[in-house]
Amino acid sequence: MKSVAEICSDLIRFDTTNPGSGERPAAEYTATLLADAGLEPVVFEAAPKRTTVVARIAGDSPDALLVHGHLDVVPADPAEWRMHPFSGEIVDGCVYGRGAVDMKGSCAMTLAAVLGMAARGERPRRDLVLAFLADEEATGDHGSRHAVTEHRELFDGVSEAISESGGFSVASGGHRVYPIAVGERGTAWMKLTAHGVAGHGSRPPVDNPVATLVHALSRVASHRWPVRLTPSVAALLKELGEVTGRPVDLDRLDEEAARLGPLGSLFKSQIRNSANPTMLDAGYKVNVVPSTAEAHVDGRYLPGLREEFLETIDELLGAKVTREFVNLEDAPDAPYPSAFFDELAGALTAEDPLARPVPYVMAGGTDAKSFARIGIKGYGFAPLMLRPDLDYFGMFHGKDERVPVEGLEFGVRVLTRLLTSRTD
């Protein structure tokens, strides 16, 4: 049986850049591993080569748990990397390559855990649904959204799910803090358009849409969003105060995030809504005022704050700029405190006596948004023990992305314990 590091390396070697040539080769590899272990994977495509794999393992309870991950990755420029981003090389105890953290490493941990269970004849304590999805790095239209609309029956009986961006270690003194995601900010990707009067660039402008749009974008970019503490983030801050022995000052959260360093990264982007201009498109000649100007803004809002976010955006844009959504997704959240959160925490502490699991809200988004549409409560839990010198958040979409082999092996043990209720 292949090791988790070998599976991770194999998956990285498939160039599944999104946009690109699709996920099919990685999906076929994944389906073959599952089939060789006696499972019956279902393979389907939302578009040519945009491939997803789903498999179900019968357990002791029909109340099913979904474990999902995505096979696509963001682009990587080989010239910027220490070694080729699709080499999957293992150097200095780490697997290198695009997707090592986001999230072929996690997919490899899931595969290694279930393949090991099958080899030992172990039965999960509840039904398991495994999903290896396409298109998470875009809108999910060719992946999770397609899966929940066109293949809804594959997820019958699923009440909870686990996936990326949680369960990783953050060193803090004599502890290792493990944030378990119980929610994530909503997504509001917007296309902005300003209309005006075309004319010669040398003449006084009548109604220059470029200027109108630039002024609106400046207001958006410079807006200071107020702090809004959701219950889960407030619980995180309380836990961090207990871990560090010094309460977090709720009136100085920006300064506290800087003081706490890596621990501060767990909340500094999660205490506010945000809106970042990311793309501009206007004009076709230097001496011509165009009739339209367009821009894109990446908006994110906290659970329960969608209307407040959109009202503020409209005020900042003004009456002369219109917006339309490129992608609008609600901010899902999962029960906390809950018995299932305690199970996740218990699996971590059983494998790491220094573990301090804490609740966490993700700044970005995952496929959990799609599964929330059909009532599945998603938790961010892809357990990974990291070296203190590795910046987990910096690995996401960064150059020289890598994951420690020992961290992957730790994750396999934690997942196996969770899925089987193993006590040894």
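Under a 10 Å cutoff between Cα atoms, tell me which one of 290, 25, 204 has the largest fluctuation in the Gaussian network model of the chain.
204
By the scheme Lys and Arg +1, Asp and Glu -1, what is the net charge of all other residues having a beta-carbon under 12 Å from that of residue 67?
Result for the local shell: -2.
I want to verify the translational diffusion coefficient of segment 1-113 in µm²/s; compute it with Stokes-Einstein, Rh as the Kirkwood radius over Cα pairs, at 25 °C and 0.890 mPa s.
Details: Rh = 14.8 Å.
Roughly 166 µm²/s, to the nearest whole number.
Summing Lys, Arg as +1 and Asp, Glu as -1, what charge do residues with Cβ under 12 Å from the Cβ of residue 220 carry, residue 220 excluded? Display every interim value, and only then the final one.
On the way: positive: 219, 224, 323; negative: 298, 314, 315.
Residues near residue 220 contribute 0 overall.
Using only alpha carbon positions, build the gyration tensor of segment 199-295, then give the equivalent ellipsoid semi-axes as the square roots of 5 times its eigenvalues, largest first, whole angstrom. Write out the running numbers ahead of the final one.
Numbers: eigenvalues 411, 24, 20 Å².
After diagonalising the Cα gyration tensor, the semi-axes are 45, 11, 10 Å.
Could you give P(r) for the chain, binned at 10 Å from zero, as whole percent values over all Cα-Cα pairs?
5, 21, 29, 25, 13, 5, 2, 0
Have a look at the DSSP beta bridges in the chain and tell me what percent are antiparallel, nearest 5.
Bridges in the chain are about 65 percent antiparallel.
Enumerate by residue number the trypsin sites (Lys or Arg not before Pro) in segment 1-76 meeting two conditions: DSSP loop (anything except H, G, I, E, B), and at most 14 other Cβ atoms within 10 Å of the site's Cβ.
2
Please give the per residue accessible area of the chain, computed with a probe of 1.4 Å over protein heavy atoms only, in Å².
Averaged over the residues of the chain, the accessible area is 42 Å².
When only the heavy atoms of the protein chains count and the probe is 1.4 Å, how do 169, 421 rank by accessible area, highest first?
Numbers: 169 10, 421 60 Å².
Greatest to least solvent exposure: 421, 169.
Using just the C-alpha positions of segment 155-254 as equal point scatterers, what log10 of I(q)/I(0) does the Debye formula give at each q in 0.21 1/Å?
-1.20
Could I have the simple spin-label model distance between residue 149 and residue 28, label points 7 Å from Cα toward Cβ, reported in nm to one decimal?
Taking the simple label geometry, residue 149 and residue 28 are separated by 2.8 nm.
What list of ³J(HN,Hα) values in whole Hz, one per residue of segment 164-179 in order, does the Karplus curve 6.51 cos²θ - 1.76 cosθ + 1.60 (θ = phi - 60°) give from phi, with Gly and Pro shown as x?
So the J values, rounded to whole Hz, are 6, 6, x, x, 8, 8, 10, 5, 8, x, x, 10, 10, 7, 10, x.
Count the net charge of all other residues whose Cβ sits under 11 Å from the Cβ of residue 42, scoring Lys and Arg as +1 and Asp and Glu as -1. Working shown, then result.
Details: positive: 56; negative: 40, 153.
Net local charge, residue 42 excluded: -1.
Using a 1.4 angstrom probe on heavy atoms only, work out the carbon and sulfur share of the accessible area of segment 175-257 in %.
Exposed carbon and sulfur together represent 54 percent of the surface.
Residue by residue, what Karplus-based ³J(HN,Hα) values in Hz, rounded to whole numbers, does segment 269-278 have, using 6.51, -1.76 and 1.60 with θ = phi - 60° and x for Gly and Pro?
Using θ = phi - 60°, the values come out as 9, 10, 9, 8, 6, 8, 8, 10, x, 10 Hz.
Report in % the part of the accessible area of segment 375-419 that belongs to carbon and sulfur, leaving out ligands and nucleic acids; probe 1.4 Å.
That share works out to 49 percent.
Output wanted: per-residue J couplings in Hz (rounded whole) for segment 326-333, from phi through Karplus 6.51 cos²θ - 1.76 cosθ + 1.60, θ = phi - 60°, x for Gly and Pro.
7, 7, 10, 10, 5, 8, x, 9
State the number of lysine pairs found in the chain whose Cα atoms come within less than 24 Å, restricting to pairs 8 or more positions apart or on distinct chains.
15
Counting each DSSP H run of 4 or more residues in the chain as -39500 (n - 2.57), what helix-only mean residue ellipticity at 222 nm follows after dividing by all residues, to the nearest 500 deg cm²/dmol?
Values: 12 runs with 133 residues, N = 424.
Estimated from H runs of four or more residues: -9500 deg cm²/dmol.
Taking the alpha-carbon centroid of each part, what is the distance from segment 5-28 to segment 185-225 in angstrom?
40
For 385, 395, write out the residues from largest to smallest accessible area, computed with a 1.4 angstrom probe and no ligands counted.
385, 395
Rank-order 299-311, 131-143 by packing density, defined as the average count of other C-beta atoms within 10 Å over each peptide's residues, highest first.
Values: 299-311: 18.8, 131-143: 24.5.
Going from most to least packed, we get 131-143, 299-311.
Determine, for each peptide in 73-83, 271-281, 94-104, 360-370, the mean count of other beta carbons within 10 angstrom over its residues, then list the peptides with the highest first.
For the peptides 73-83, 271-281, 94-104, 360-370, the packing ranking is 94-104, 360-370, 271-281, 73-83.
Find the centroid of the Cα atoms in segment 267-283 and in segment 99-153, then give the distance between the two in whole Å.
30
Between 261, 167, 186, where does the largest GNM mean-square fluctuation fall for the chain, given springs only between Cα atoms within less than 10 Å?
So, out of 261, 167, 186, the one fluctuating most is 261.
When the chain is modelled as a GNM with alpha-carbon springs shorter than 10 Å, which of 349, 187, 52 fluctuates the most?
349
The values are calculated or read from the model by the stated rules, or taken from the named source; none is laboratory data. What you are looking at is a predicted structure, and each value in this text was computed from that prediction instead of being measured. With ideal geometry, Cβ positions are generated from the backbone for all residues, glycine too; neighbour counts draw on all protein chains shown. When the accessible area is computed, the model is the full protein with side chains, heavy atoms only, and any ligands, DNA or RNA have been set aside. Shrake-Rupley method; radii C 1.70, N 1.55, O 1.52, S 1.80 Å.
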